[in-house]
1. Can you name every residue in region 65-97 that is touching a helix residue (DSSP H, G or I) at 6+ places or on another chain (Cβ under 6 Å) and outside any helix (DSSP H, G or I)?
2. For residues that are within 16 Å of the chain's Cα centre (by Cα) and small (Gly, Ala, Ser), scanning just region 115-144, find the one that is surrounded by the most Cβ atoms within 10 Å (Cβ to Cβ).
3. Looking for something among the aliphatic types (A, V, I, L, M), out of contact with any Phe, Trp or Tyr (no Cβ under 7 Å at 6 or more places or on another chain), part of a loop (DSSP other than H, G, I, E, B) and closer than 23 Å to LEU66 by Cβ - is there at least one such residue anywhere in region 124-139?
4. I need every pair where a residue in region 174-187 that is at negative phi has its Cβ under 7 Å from the Cβ of a residue that is part of a loop (DSSP other than H, G, I, E, B), sequence separation at least 6 or different chains.
5. Do we find that LYS181 is of a type in the set (Lys, Arg) and in contact with a Lys or Arg (Cβ under 9 Å, 6 or more places away or on another chain) in this structure?
6. Just one of THR163, THR239 is touching a Leu at 6+ places or on another chain (Cβ under 9 Å), among the β-branched types (Val, Ile, Thr) and not in a helix (DSSP H, G or I); which is it?
Amino acid sequence: MPNTKSNFLTKLLLFFSFVLQSIHCQADVNDLQKADSLFDLRSYKEAMEIYAPNYQNGLYSPAMLLKMAFIAEGMGDKEQATLYLSKYYDLNPNAQTISKIKTLTGQANLYGYDVSDGGRFLLFLVEYKEIIVGLLTLFLMISLISNWWMGRKIDKSASYWPTVFLIVVIFVVNNFLQGPKAGLITHSPAFIVSKPSAGGELIDQVEPGHRVKIKSGKDIWYEIEWKNKSAFIRKDNITRL
């Protein structure tokens, strides 16, 4: 028979891990609230100093991305402003965002912004991956505590399957839920060629603002999907999204 005390300690450690994670998330939220206050006071540089590292860590909201785009444009960094608006478009697609990106990049037409409903749903899941994992972890904790509370009165295979199922789902979501690799062309001009070499045939010469799907990378080149065909572009011409 399994050691009940050992099982209880394991569950207790999992509980405290969840609590510590919640405290860390709350600290991040407080940090962003401070940045929002600085933005409202027009202390844009100070606000950006808080927004930027949180963005790099994947902690951002649509409102935060708009504020970062506003600050970047005000600082004359149209490349970064376009990047933030492109990320914002993933979360809240609308014609106004496309129009603003066109204004920033000077483009009449933009390629790569059409996303299917299925693709949009996948992007939504990826963007809120941490929240989904957090909620699943909460359900896992409730399941573990429930199993401990009920003791051994219920058959193990019947009482523990929800716990096992949640563990598997958390593992799959945390390790395999990934969106399509995409990039924003940020170099002017950018050359799209048929082969990953200087001797490749020129397919297109484009300006910043277009989005592409990244298939793979090798040396200084990305293999991308451009107008439904495989092509290549230098890595330093693209910023990963």
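1. Across region 65-97, the qualifying residue is only ASN92.
2. Applying the filter and picking the extreme gives GLY134.
3. no
4. That search, which allows pairs on different chains as well, returns ALA182/LEU241; GLY183/LEU241; LEU184/LEU241; ILE185/PRO208; ILE185/GLY209; ILE185/HIS210; THR186/PRO208; HIS187/PRO208.
5. yes
6. THR239
Laboratory data are not the source of any read-out in this text; all were calculated from the coordinates shown. Worth saying up front: this structure is predicted, and the values here are computed from it rather than measured. Cβ sites come from the backbone with ideal geometry, for glycine too, and all protein chains shown count toward neighbours.
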